[in-house]
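Before any comments, here is the structure.
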Amino acid sequence: MIADLRSDTVTRPSEAMWQAMRAAPLGDDVLGDEPTVQKLEERIAHLLGKEAALFTPSGTMANQLAIKSQCESGDEIVAHHDSHIIHYETGAPAALSGCMINPLEGEGGIFTADDVAAAHRPANIHAPRPRLLVVENTHNRGGGTVWTLQAFKCVATKARDIGLLIHVDGARLWNACVAGGYEPGAFAEHADSISVCFSKGLGCPAGSALCGTRKMIERARRFRKMFGGGMRQSGLLAGAALFALDHNIKRLAEDHRHAKQLAEGVGRVSGLRPHAAPDSIPSNMVFVNVDPSLGSAAQFTAALEKRGVRTLPLDPARLRAVTHLDVTSAHITHAIAQFGEVARELAGSSRRG
Ligand SMILES: *Cc1c(COP(=O)(O)O)cnc(C)c1O
């Protein structure tokens, strides 16, 4: 048995999703007549309470289009120092939009209105122009942390007061909504733009969307072509996304239960410590601290891999396990057992060595 817990991006389309993809009417989205993409864009805009939406090949492109269409070269973006746009988007804010980032502190990727205020640079001939606040929900490197509506509203209100636009990187907004007990539109209400992924928790092979005002999305549509993201019969992918919106959101609660079970089991293994107590695991991610007596996280990950459990080393002493649509409770049981076996094996070899 192989439990692939590297990321929630590894899911394969279910048979029913394939059927929805095969049944989707197709056109040419660059020529402007892709009926399934148009249907998805209308649906997602409505769901998030925005005027318009744009389907994109990836979440990175959706975030970068939000930056490109709302910022000018030399502008400053305000974002948590552990955010996806800093760590995993290949320097794109600098490369594609000429923007710099002012990084904020905050436990688990969450910060406050005071943090936003303290980072603010008043208008000044010397200073970059602060332009866009980025809020990530759930927060990936923060451990899948979930913003409460209230915390986000406070931050957004302060940001607006000081003249910032607000972008939500909602690659895992669906997880946040299920875990936080709020509607996608209720969160998006406080943002100018928001990106969401269909290829993570929702189990699609690819695809994300960016939502905002009609005017902003028209700009983003032009830049999407410029970035090489114009797709043709992309209704195939949009068909998968429409299916996922109908069938795969509510069930995320199961992924969150599996993450709690995993944390509980792994937490019983000597030398391993999950990033939160089982009941406090925020969504579908478990970060496991590996005691140095067991070797590095990379060594631990490699040993797990040999036993059919795939995880990713996050840094020298931490690895990441993510639950998703293709992870069953049998996979969780298998994974917990293997975490235990590997810990015993590595503890033994370090005593011998
Ligand atoms: C995965 C992810 C993205 C988008 O990643 P792609 O691989 O480009 O689709 C954006 N933001 C966050 C927080 C993510 O976890």
**OP:** Select the helices (runs of 4 or more DSSP H) contained entirely in the range 106-207, then report the ones holding at least 3 residues which are more than 16 Å from the ligand (Cβ to nearest atom) and crowded, with 16+ Cβ neighbours inside 10 Å.
**Re:** 113-119, 149-161
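Please find, among Gly59, Gly98, Gly49, Gly91, the residue that is surrounded by fewer than 18 Cβ atoms within 10 Å (Cβ to Cβ) and touching a residue at least 60 places away in the same chain (Cβ under 8 Å).
Gly49 is the lone residue from the list that is surrounded by fewer than 18 Cβ atoms within 10 Å (Cβ to Cβ) and touching a residue at least 60 places away in the same chain (Cβ under 8 Å).
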Original post:
When you look at Ser69, is it under 13 Å from the mean Cα position of the chain (by Cα), touching a residue at least 60 places away in the same chain (Cβ under 8 Å) and buried (at least 16 other Cβ atoms within 10 Å of the Cβ), yes or no?
Top reply: no
**OP:** Specify the residue that is nearest to Ile281 (Cα to Cα); the eligible residues are those in the range 135-153 that are free of Cβ contacts under 8 Å to residues at least 60 places away in the same chain and in contact with a Ser or Thr (Cβ under 7 Å, 6 or more places away or on another chain).
**Re:** His139
Original post:
Here is a list of conditions, (1) within 15 Å of the ligand (Cβ to nearest atom); (2) under 30 Å from Ile281 (Cβ atoms), and Met231 meets all of them except one; can you say which number that is?
Top reply: (2)
Original post:
How many residues are touching a Lys or Arg at 6+ places or on another chain (Cβ under 7 Å) and aliphatic (A, V, I, L, M) when one looks only at the range 323-353?
Top reply: 1
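Yes or no, residue by residue, for (1) crowded, with 22+ Cβ neighbours inside 10 Å; (2) modelled with pLDDT under 95:
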{"site": "Ala263", "(1), (2)": "yes, no"}
{"site": "His275", "(1), (2)": "no, no"}
{"site": "Ala297", "(1), (2)": "yes, no"}
{"site": "Leu319", "(1), (2)": "yes, no"}
{"site": "Ser329", "(1), (2)": "no, no"}
{"site": "Val342", "(1), (2)": "yes, no"}
{"site": "Arg351", "(1), (2)": "no, yes"}
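The values are calculated or read from the model by the stated rules, or taken from the named source; none is laboratory data. Computed from a prediction, not measured in an experiment: that's the story for all the values here. FYI the Cβ positions are ideal-geometry reconstructions off the backbone, even for glycines, and counts take in every protein chain you see.
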